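Q: Let me begin by handing over the structure; questions about it come next.
The values are calculated or read from the model by the stated rules, or taken from the named source; none is laboratory data. What you see is a predicted model; the values in this text were computed from it and never measured. FYI the Cβ positions are ideal-geometry reconstructions off the backbone, even for glycines, and counts take in every protein chain you see. Surface areas here come from the heavy atoms of the whole protein model, side chains and all, with no ligands, DNA or RNA. Shrake-Rupley method; radii C 1.70, N 1.55, O 1.52, S 1.80 Å.
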Amino acid sequence: MRTSRQERNRPRTRIGRLFVAAVLLTAVQAVSATTFMSVEPIPNRDIVGQENLTLLRSIGYPSLERWSNLLLSKCLVVETVIEALTTHGAITSVTNANTRFVVAAGGFEGATNPSYVFTVQDSGPGAASMRDVNVLDNALGYVLNQGGTAHFSADNAKAYAFVLDYAVVTFLGTLSGDEARQFFERLGTIDAALFSGLFAGFTQVDFANSSTNNSMLFLQPAVTKQRFISGLASAVETEPRATYFPLKNSGAPTTARAGIAFPGNDWLTFPAGDQYLANIGGTPQLVAELAILRQQHLTAVANLLKAIVQNRVEAYLKNGFRCPN
């Protein structure tokens with residue numbers, strides 16, 4: 001972790017003008033209790049190896065996003081996990097009414113990948129239970145061969161196991177995953193520790209009930225709170241469409257606190273995914289079904305790698321993609 005501290009003298013005028021917008025965001029957020037969840041379909045390095053992970057990333061974010069959308073829309077990779085968990089009684093409260101998911105961007109320690117980002121209503125009538133959120137996150141981490149996932153509540157700092165400071169950058173209009181990637185990289189030119197440093201990252205979310213995932217929620221990485229605020233606010237000043245949340249009464253940028261959990265599995269120590277499976281529970285039949293879905297995901301990854309090696313990614317994504325059986 002870097003110990004130097006950056007102090008930046010930057011204009012506050014624009015941030016000050018956005019104070020009213022921040023107050024409105026706070027008001028909307030106060031009546032809405034939401035958990036966000038982020039799980040990548042790009043597998044963990046310990047499963048596919050660094051060489052294959054580098055190959056996957058070599059095709060660029062837009063192509064990886066197309067592949068992720070094909071898995072989601074054609075192969076129903078998320079729906080089949082929810083269906084299996086529900087059928088076998090491992091979850092009971094996750095429904096189409098309280099849970100939505102899209103392909104959006106997730107950045108971590110210098111890399112941005114497409115992720116399946118969930119917006120889950122976690123309180124009030126018809127809400128999904130926090131227990132079920134945890135089970136679903138672990139199941140998706142297992143099926144999608146992740147080393148770690150995350151789910152967090154920006155409304156309730158006590159919702160999950162850990163508490164971290166966060167800030168949100170919201171863009172006027174829509175925000176593509178590749179635009180989020182570009183902003184993350186721009187942040188790295190202002191302070192590398194906020195881009196490639198320990199625990200640096202973001203999730204592209206629909207903050208405060210936005211109709212699109214046009215916000216980037218940044219959890220404080222392994223830097224001081226003031227350094228985190230200063231660097232991120234400076235990056236916002238470079239983007240005319242961006243606004244910063246939260247702000248103090250004076251209009252100065254600050255942070256809020258989120259409750260967060262980090263399910264994960266050490267695949268080198270637990271190659272069968274035991275750390276995920278222990279948090280899923282359920283019947284042997286459920287475990288067998290999830291294992292089949294996990295293998296199908298690995299087959300889809302292998303098919304994409306084959307297309308990369310053969311230099312036919314565009315043709316594969318356009319006409320050659322098939323869901324593994």
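Q: What does the charge dipole of the chain about its Cα centre add up to, to the nearest 20 debye, if the Cβ of each Lys and Arg holds +1 and the Cβ of each Asp and Glu holds -1?
A: 860 debye
Q: Related question: When the convex hull of the Cα atoms of the chain is projected onto a plane and the area is averaged over all directions, what value comes out in nm²?
A: With every direction weighted equally, the projected area is 16.6 nm².
Q: At 222 nm, what helix-only mean residue ellipticity would the chain give, in deg cm²/dmol to the nearest 500, using -39500 (n - 2.57) for each DSSP H run of four or more? Provide the component values of the computation, followed by the final result.
A: Details: 11 runs with 128 residues, N = 325.
-12000 deg cm²/dmol, from helical runs alone.
Q: At 1.4 Å probe size, with every protein chain present, just tell me what the per residue accessible area of region 168-255 comes to in Å².
A: Numbers: 2990 Å² over 88 residues.
I get 34 Å² per residue for this part.
Q: Something else: With just the Cα atoms of region 182-325, tell me how far they stretch along each of the three principal axes, in Å, largest first.
A: 57, 41, 32
Q: Next question, about the same structure. If you place +1 on the Cβ of every Lys and Arg and -1 on the Cβ of every Asp and Glu, how big does the dipole about the Cα centre of region 46-134 come out, in debye to the nearest 20? Please report the intermediate quantities before stating the final value.
A: On the way: 5 positive and 8 negative charges, 44 e Å.
Result for region 46-134 is approximately 220 debye, rounded to the nearest 20.
Q: Enumerate the calculated ³J(HN,Hα) couplings along region 310-325 in order (Karplus 6.51 cos²θ - 1.76 cosθ + 1.60, θ = phi - 60°), each rounded to whole Hz, writing x wherever the residue is Gly or Pro.
A: 3J(HN,Hα) across region 310-325, in whole Hz: 7, 6, 9, 4, 4, 5, 5, 5, 7, 9, x, 5, 9, 6, x, 9.
Q: Convert each backbone phi in region 253-264 into a coupling constant with the Karplus relation 6.51 cos²θ - 1.76 cosθ + 1.60 (shift: θ = phi - 60°), then list the ³J(HN,Hα) values in order as whole Hz, x for Gly and Pro.
A: For region 253-264, the Karplus curve yields x, 9, 10, 10, 10, 10, x, 9, 10, 10, x, x Hz.
Q: OK, next. Within region 43-74, list the residues whose amide N lies under 12 Å from a label point set 7 Å along Cα→Cβ of residue 323.
A: From region 43-74, the list is 70-74.
Q: Give the long-range amide H neighbours of residue 150: residues separated by 5 or more places, or on another chain, with amide H under 5 Å away, using H modelled in the peptide plane at 1.01 Å from N.
A: Under 5 Å from the amide H of residue 150: 38.
Q: Something else now. Between residue 96 and residue 55, take the C-beta separation as r, use R0 = 35 Å, and let me know the FRET efficiency to the nearest 0.05.
A: For residue 96 and residue 55, the calculated efficiency is 0.45.
Q: Follow-up question, since we're still on this one. Highest GNM mean-square fluctuation, the chain, Cα pairs closer than 10 Å: which of 157, 278, 233?
A: Of 157, 278, 233, the Gaussian network model singles out 278 as fluctuating most.
Q: Considering lysine pairs in the chain that are 8 or more places apart or on different chains, how many have Cα atoms under 24 Å apart?
A: 6
Q: Still on this structure, I have one more. State log₁₀ I(q)/I(0) for region 154-249 at q = 0.16, 0.20, 0.21 Å⁻¹ as given by the Debye formula over alpha-carbon point scatterers of equal weight, solvent excluded.
A: Results for region 154-249 at q = 0.16, 0.20, 0.21 Å⁻¹ read -0.64, -1.01, -1.11.
Q: Take the alpha carbon gyration tensor of region 74-163, find the square roots of its eigenvalues, order them as a ≥ b ≥ c, and report rounded if a/c is under 1.5; if not, report prolate when a/b exceeds b/c, else oblate. Provide the component values of the computation, followed by the final result.
A: On the way: a/c = 1.64, a/b = 1.12, b/c = 1.46.
The shape class here is oblate.
Q: Continuing with the same structure: In the chain, carbon and sulfur make up what percent of the accessible area (probe 1.4 Å)?
A: Here carbon and sulfur together make up 54 percent of the probe-accessible area.
Q: Angle check, please: helix 130-143 long axis (alpha carbons) against the longest principal axis of the chain (alpha carbons), in degrees 0 to 90, nearest 10.
A: Its long axis makes an angle of about 60 degrees.
Q: Would you mind computing, in nm to one decimal, how far apart the modelled labels at residue 174 and residue 312 are, each placed 7 Å from Cα along Cα→Cβ?
A: The two pseudo-label positions are separated by 3.1 nm.
Q: Something else now. As I understand it, the dipole of the chain uses +1 on the Cβ of Lys and Arg and -1 on the Cβ of Asp and Glu, about the Cα centre. Which of 141, 296, 223 lies farthest toward its positive end?
A: The residue sitting most towards the positive pole is 223.
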